[in-house]
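The values are calculated or read from the model by the stated rules, or taken from the named source; none is laboratory data. These numbers come from a predicted model, not from an experiment. Areas reflect the complete protein model, heavy atoms only, side chains present, ligands, DNA and RNA absent. Shrake-Rupley method; radii C 1.70, N 1.55, O 1.52, S 1.80 Å.
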Amino acid sequence: MGSLVDGILLVALVATSACVVPMYLKLKRLDRVQAEYGAAVTASGIALTQAGDAVRSFSGEGREILEALSLKIEEARALVSELEASRAALVIARGEPKA
């Protein structure tokens, strides 16, 4: 009777081992996937930070360009006004009718 119990226990141990080994392999794979996921999340965080920095940089540069363009437009308008005044003065000096 003792050997029968030992045989049953041995079969139960083998069956348990057969169930535990695949579970162990799945847990190892889960650990690996979790590490990859963590690395992807970290890389995404870094990419988002860099994208935010780029947007802030573009915003600052755009503001500077807009201010420079505004100054150039004001200079161009002043120059056009001067040219129109010079043309009008020349027309008056020549005695020509206005066109």
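Given [x] 51, 18, 9; [y] 22, 15, 13; [z] 92, 10, 5, which label gives semi-axes √(5λ) of the Cα gyration tensor in Å as computed from the coordinates?
Structure-derived value, by its label: [z].
Helix 2-94 sits at what angle to the longest principal axis of the chain, using alpha carbons and giving 0 to 90 degrees rounded to 10?
Here the helix axis deviates by roughly 0 degrees.
If you roll a 1.4 Å probe over the chain with all protein chains in place, what percent of the accessible area is carbon or sulfur?
Carbon and sulfur: 69 percent of the exposed surface of the chain.
So if each residue of separation counts as 0.36 nm, and I subtract the Cα-Cα distance between Glu64 and Ile46, what length gain in nm does that give?
3.8 nm
If one computes P(r) from the Cα atoms of the stretch 34-81, what percent of pairs lie at distances over 13 Å?
Summing the P(r) tail past 13 Å for the stretch 34-81 gives 69 percent.
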